[in-house]
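Values in this text are rule-based calculations from the coordinates and carry no lab data. The shown structure was predicted, so the numbers you read here are calculated from the model rather than taken from an experiment. Note that each Cβ is placed from the backbone with ideal geometry, even for glycine, and that neighbours are counted across all protein chains shown.
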Ligand code: B1M
């Protein structure tokens, strides 16, 4: 089994203790961190998601897979980020109300930080008012990112954007949305300024938005 396949299998089966060693070996063998992330770990989470959908595994198994993935992301972080000094501005990010998924949001936060932004991460299950409050107390923030992974929490995107509109702060910020069920069409529907399908795209769009801000 190739090292990437072994990492994929370890994430899929939630073998958190094996992840560190496997990733270190893969890096030593010359695998790129981005391949380990995309082909090893993110693909593993897609498999886990499919198996959950088909009733082949359940929430506890999804949770242990997520823990293994998080361990791996921590280890890869120095290889994925550039260590660039913060100069592009402040980016407030969070997973919307009702939604506890944070792996993708954390990857987006990491790539955006690496693109030179100061990132304020509000965490998961973030109520619209908390986004509004965070923007209010950070007048240097011109970008906000909303992550949603569930079709049932997609309405929270619109609720949050409406709350920002009603607070009178909408002119201060551009809003980016993303997450597995989100598309450009949905971004348009909820009134977002931008949609990104993955973390690397989110970072480059953030730079474009900041340049146009
Ligand atoms: Co949940 N879950 N989950 N889950 N989970 C999904 C999302 C699901 C698709 C699985 C499935 O059925 N196939 C399904 C949603 C179905 C739907 O809504 N259509 C689902 C469900 C149903 C649930 C529960 C309801 C299960 C239950 O309790 N019965 C429950 C909900 C809890 C809640 O949130 N209220 C639940 C719980 C959980 C766990 C807690 C066990 C765990 C999350 C742990 C954690 O995050 N700390 C979990 C997991 C791990 C998953 C899957 C398997 C993997 C998610 C993930 O981390 N992917 C997921 C299946 C799947 O996505 N295929 C699933 C890897 C990650 C890197 O990708 O998050 O998509 P992703 O992020 C990407 C892009 O989307 C994008 O960039 C990222 C990196 O490239 N992106 C952005 C994300 N945010 C962005 C923001 C941006 C821009 C881009 O701008 C701001």
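Assorted remarks:
- Over the range 89-212, relative contact order from alpha-carbon pairs under 8 Å, at least 6 apart, %: 29
- Ranking of 158, 29 by neighbouring Cβ atoms within 10 Å, starting from the fewest: 29, 158.
- Span from the the range 139-193 Cα centroid across to the the range 89-128 one, whole angstrom: 12
- Spacing of the two label points (7 Å from each Cα toward its C-beta) at residue 87 and residue 162, in nm: 4.2
- Tensor-based shape of the range 47-99 (alpha-carbon gyration tensor, a/c under 1.5 rounded, otherwise prolate or oblate): oblate
- Shape of the range 3-79, Cα gyration tensor, a/c cut at 1.5: prolate
- Gyration tensor verdict on the range 61-213 (Cα atoms; rounded if a/c is under 1.5, prolate if a/b is larger than b/c, oblate otherwise): oblate
- Residue 46/residue 211 FRET efficiency (R0 25 Å; Cβ-Cβ; nearest 0.05): 0.15
- Set of the range 103-127 residues, backbone N closer than 18 Å to the point 7 Å along the Cα-Cβ line of residue 77: 103-124
- Relative contact order of the chain, pairs being alpha-carbon contacts under 8 Å that are 6 or more residues apart, as %: 17
- Rg in Å to one decimal, and Dmax rounded to a whole Å, for the range 25-134 via C-alpha atoms: 15.9, 48
- Point-to-point label distance, residue 54-residue 180, nm (Cα→Cβ direction, 7 Å offset): 1.5
- Ordered by the number of other Cβ atoms lying within 10 Å of each residue's own Cβ, fewest first, 52, 195, 58 fall into the sequence 58, 52, 195.
- FRET efficiency for the residue 188 to residue 100 pair, using the beta carbon distance and R₀ = 35 Å, is estimated at 0.85.
- Using a Förster distance of 45 Å, the FRET efficiency for residue 140-residue 63 (Cβ separation, nearest 0.05): 0.80
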